[in-house]
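Step one of this worksheet: look at the structure below.
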Amino acid sequence: MNRASHLFGALSIAGIPPFNGYASKQLISTAMQPHSPYTCSPELLRDLRALQERLDLVATIHLNQLWGEVAAVKEQRGLLPTEYLARCEFLWDRLVAIKVLRPEIVFFGEAIPFAALQSSERFAHMCDAMLVVGTSATVEPAASIPHIAKQHGARIIEINPEPTPLTRTISDISLMGPAGAMVSELVAAVEARL
């Protein structure tokens, strides 16, 4: 008997008194929710999958809600969260992955992760050229990064739909227009010279 069956015994949805009468009206859906790939062992996920199948439940799980969750799974398991769930046979059509599209960007009002800021400053000290794309160049501390690069001899190439404080001060080249189109043109120009 697996751990989940041992914990929940002969449980069935019909046997949960608060849900009797509601399930047939489809007013309540019962689901299970293991927290996240970085807090669940492979054994627990396999046991929960078996219970989920037996009880015909949907499961939900957080994939990458916070900055460190993907890194934690990668460090602990050597895999990305989706790879880990697939290996544990928990990634299937009865899984609803929530908090999954948290991009690796900083939203307004959020702090830049300290390690990312340190890396940016270190690379700004060492680079020969910096490509600055799609920014107002006014929000600190990120707005200082091109200035650090310029102070250490880098050429600044700015791509933006409109001028910024960098345009007339430190940018060596300013390409005005949509980022996607301008970056494509820049890549084509560089490739033509190679």
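The values are calculated or read from the model by the stated rules, or taken from the named source; none is laboratory data. Please read these numbers as outputs of a predicted model, since none were measured by experiment. Cβ sites come from the backbone with ideal geometry, for glycine too, and all protein chains shown count toward neighbours.
When the residues of the stretch 165-194 are filtered to those that are polar (S, T, N, Q) and either touching a strand residue (DSSP E or B) at 6+ places or on another chain (Cβ under 7 Å) or within 19 Å of ARG122 (Cβ to Cβ) (or both), which remaining residue is surrounded by the most Cβ atoms within 10 Å (Cβ to Cβ)?
Checking each candidate, the answer is SER171.
Which of the numbered conditions does ALA50 fail, given that it passes all the others? Conditions: (1) at pLDDT below 85; (2) farther than 30 Å from PRO113 by Cα.
(1)
Which condition number does SER136 fail, the rest of (1) under 27 Å from PHE114 (Cα atoms); (2) in a helix (DSSP H, G or I); (3) touching a residue at least 24 places away in the same chain (Cβ under 8 Å) being met?
(2)
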